[in-house]
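To start, the structure itself, in structure tokens.
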Amino acid sequence: MAATPSPHLPDHPAHLWRNPDPKPAYDVVIVGGGGHGLATAYYLAKNHGITNVAVLERGWLAGGNMARNTAIIRSNYLWDESAAIYEHSLKLWEELPAELDYDILFSQRGVMNLAHSLGDVRAGQRRVSANRLNGLDGEWLEPDDIARICPIVNLSSDVRYPVLGATFQPRGGIAKHDHVAWAYARAADALGVDLIQGCEVTGIDVADGRAVGVQTSRGPISAGRVAIVAAGHASLVAAMAGVALPLQSHPLQALVSELLEPIHPTVVMSNAVHVYVSQAHKGELVMGAGIDSYNSYAQRGSFHVIEHQLAAALELFPIFARAHVLRTWAGIVDVAPDASPIIGPTPVDELFVNCGWGTGGFKATPASGWVMAATLATGEPQELARPYALERFTTGALIDEHGAAGVAH
Amino acid sequence: MLLITCPHCGPRDEVEFRYGGQAGVASPADPEALDDATWARYVFFRDNPKGPFAERWVHAAGCRRWFDAVRDTVTNQFLDPEPRR
């Protein structure tokens, strides 16, 4: 079954971005050059005309979680606040290849969330109803429908957790994560944003309760506003300014198989047996797990999590039994108590955060950047971001997406 | 997989344990006196260090007892010379 890479992978542009030295001062300094930081910079420049912006990246662009996710895109979240921001994101995804003039291999092949128990069925049907009330595309699938859309799912009743149905969002899908980051980076650079790699932020300068700049491995940089968009390390960066964030950092593991002929036509997720599977354009099966239970910054997790994930995958897809695992890895995800992001101002003036996306950040990349840019441009939370303020942990207005939204939420 | 030393049962595989997060988080002594911000701090905010972290584990598939351990969150090495009961 081994296949050569698809001949349809696009070529990259000859020029992507400059590598400028940092200037002494910027209107906005964004800490973190991953997908969300790059998208924030792009929309600051494009939507708000703010181009005196630096993105400071400790390593290389998009080398953190943007390089470690499973590239799944969907918006079928339960709660109104979540559906609003993720659907805004999905609409931006649909425009993105044309807008950024870059083939990001965005493929709306649908996302299926399997139900394995009566509880799953009820939660799934409830979520489909909530999605439709919010104007999203959502369907409830019976097993016959699942077989029609994804014939390789094991629908036998003779398994430990039989498949009883599924939710389906046809507009969901996948994109090529690296291309997304490079597309945003190229576009931001072209609009004048400085993307500065190998530049670690080591301190945040606060004067009279106001952030005025950052200390970096390449010298001090003054800033009118500072945005922390450093997934996996957000609480550590915020602590440099004395700001505590309710985040816990965990490994989230994923793996790919060797390259195979196209066999898997959609994206299948199962919360109950805990695996999510798609097939990348080149042919790898891409599978994600749940988070490892313990706090860690090690970018690796425990083997039993991979074992559990593969056991689930093989029960759902017996056809994968002879596929070889090519590579496993982990990213570090910052998880908030309600599994929803934290976006907006902090107790320190001119210091903003966009963090806590947990296991669901990739799909949010466009909207995350969009709302963060508007928040940074005005100093006020953008409307879609307002429910995600840090204050919700004091007011109690949590947005609990642990259970109903999908795997690992 | 972590090898975790239960102070009662000795070294065992991680799959026998459940994680309990930060150790030493005391219940408020006078809950009635807490304002919302202080409650939020108690309920939702935990340390998240990159380095040594005092944390709780329960030997769920063994003696079912809770204990504290100190682990480095970068290397995943347990740092206690003797696990604490």
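The values are calculated or read from the model by the stated rules, or taken from the named source; none is laboratory data. On a predicted model such as this, the values are computed, not experimentally measured, just so you know. All Cβ positions, even for glycine, are placed from backbone atoms using ideal geometry, and neighbour counts span all protein chains on display.
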Counting only residues that are more than 8 Å from the chain's Cα centre (by Cα) and under 12 Å from A:Met66 (Cβ atoms), how many does the range A:356-368 have? 1
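Just checking, does the range A:237-244 include any residue being touching a Pro at 6+ places or on another chain (Cβ under 7 Å), at pLDDT 95 or above, crowded, with 19+ Cβ neighbours inside 10 Å and within 13 Å of chain B (Cβ to nearest Cβ)? Explain how you work it out, then say what you get.
Step one: of the range A:237-244, the residues touching a Pro at 6+ places or on another chain (Cβ under 7 Å) are A:243.
Of the ones still in play, those that are also at pLDDT 95 or above are A:243.
Subsequent filtering for residues that are crowded, with 19+ Cβ neighbours inside 10 Å retains A:243.
Now narrow it down to the ones that are within 13 Å of chain B (Cβ to nearest Cβ): A:243.
Yes, the range A:237-244 has at least one match.
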The condition from (1) at pLDDT below 95; (2) under 23 Å from A:Arg300 (Cβ atoms); (3) surrounded by 16 or more Cβ atoms within 10 Å (Cβ to Cβ); (4) not small (Gly, Ala, Ser) that B:Pro7 misses is numbered (2)
Of the residues in the range A:161-192, those that are surrounded by fewer than 19 Cβ atoms within 10 Å (Cβ to Cβ), assigned to a helix (DSSP H, G or I) and among the small types (Gly, Ala, Ser) come to A:Ala190
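Out of the residues in the range A:146-183 that are polar (S, T, N, Q) and modelled with pLDDT of 95 or more, state the one that is nearest to A:Asp194 (Cα to Cα).
Out of the qualifying residues, it is A:Gln169.
If you take the residues of the range B:35-48 that are in a loop (DSSP other than H, G, I, E, B) and within 8 Å of chain A (Cβ to nearest Cβ), which of them is surrounded by the most Cβ atoms within 10 Å (Cβ to Cβ)?
B:Asn48
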Residue list for the range B:53-71, filter: part of a strand (DSSP E or B) and in contact with a Cys (Cβ under 6 Å, 6 or more places away or on another chain): none
If you take the residues of the range B:53-76 that are within 14 Å of the chain's Cα centre (by Cα) and surrounded by fewer than 15 Cβ atoms within 10 Å (Cβ to Cβ), which of them is nearest to the other protein chains (Cβ to nearest Cβ)? B:Ala60
Restricting to the range A:313-324, what's the tally of residues that are assigned to a helix (DSSP H, G or I), in contact (Cβ under 8 Å) with a residue 40 or more places away in the chain and surrounded by fewer than 21 Cβ atoms within 10 Å (Cβ to Cβ)? 4
Exactly one condition in (1) within 14 Å of chain B (Cβ to nearest Cβ); (2) buried (at least 20 other Cβ atoms within 10 Å of the Cβ) is not met by A:Ser293; state its number. (2)
Just to be sure, is A:Gly63 without any contact (Cβ under 8 Å) to a residue 60 or more places away in the chain and either in the same structural domain as A:Asp349 (by TED's automatic domain parsing) or not in a loop (DSSP other than H, G, I, E, B) (or both)? yes
Can you tell me which residue within the range B:10-34, out of those that are outside any helix (DSSP H, G or I) and facing another protein chain (nearest Cβ under 9 Å), is surrounded by the fewest Cβ atoms within 10 Å (Cβ to Cβ)? B:Asp13
For the structure I just gave you, tell me whether A:Val268 is at pLDDT 95 or above and either within 30 Å of B:Glu14 (Cα to Cα) or not in a strand (DSSP E or B) (or both). yes
Scan the range A:245-290 for residues that are within 18 Å of A:Ala67 (Cβ to Cβ) and within 14 Å of chain B (Cβ to nearest Cβ) and report the count. 5
